[in-house]
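**Q** After the structure tokens below, expect a handful of questions from me.
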Amino acid sequence: VETTYAFPITHMVAPKGNALNCTQCHIRESSRLANITGLYMPGRDKSDLMDTIGWLSVFGALAGVFLHGMGRFFTRNGKEE
């Protein structure tokens, strides 16, 4: 019985001769996995809504850290540690 073994798509370490570049799977056009539907693959798929939510989260976290630091700075009331 002739069989073919394919390495699983779990980023496991493959032998050097069978290793792939990231862009062989994680690009939009001409990807090895372009026809696979029903899953999200970073680098291949894009969602403007998710990108917006992600960037708002990043900027919100930075703004929170900045505002917290400024609040502590201006409300220290001359206390020295």
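**Q** Using 0.36 nm times the number of residues separating ALA14 and ARG28, minus their current alpha carbon distance, what extension gain do you get? Write out the running numbers ahead of the final one.
**A** On the way: separation 14, 0.36 × 14 = 5.04 nm, distance 2.35 nm.
Difference between extended and current length: 2.7 nm.
**Q** Give, in nm to one decimal, the length gained when the segment between LYS46 and ASN77 is fully stretched (0.36 nm per residue of separation minus the Cα-Cα distance).
**A** The span from LYS46 to ASN77 would gain 6.3 nm if fully extended.
**Q** Pop a pseudo-label 7 angstrom from the Cα along the beta-carbon direction at both THR4 and TRP55 and give the gap in nm to one decimal.
**A** About 4.1 nm separates the two model spin labels.
**Q** Same structure again: Determine, for ARG32, ARG76, ARG44, the number of other Cβ atoms within 10 Å of each Cβ, and report the residues in order from fewest to most.
**A** With the sparsest Cβ surroundings first, the list reads ARG76, ARG32, ARG44.
**Q** Counting Lys and Arg as +1 and Asp and Glu as -1, what is the net charge of the other residues whose Cβ lies under 14 Å from the Cβ of GLU29?
**A** Local net charge: +3.
**Q** Working out 0.36 nm times the residue gap between ASN35 and VAL65, then minus their Cα-Cα distance, what length gain in nm do you get to one decimal?
**A** Stretched out fully, the ASN35 to VAL65 stretch lengthens by 6.6 nm.
Each reported figure results from applying straightforward, stated rules to the coordinates on display, with no laboratory input. Worth saying up front: this structure is predicted, and the values here are computed from it rather than measured. Cβ coordinates were reconstructed from backbone atoms using ideal geometry, including for glycine residues, and neighbour counts include every protein chain displayed.
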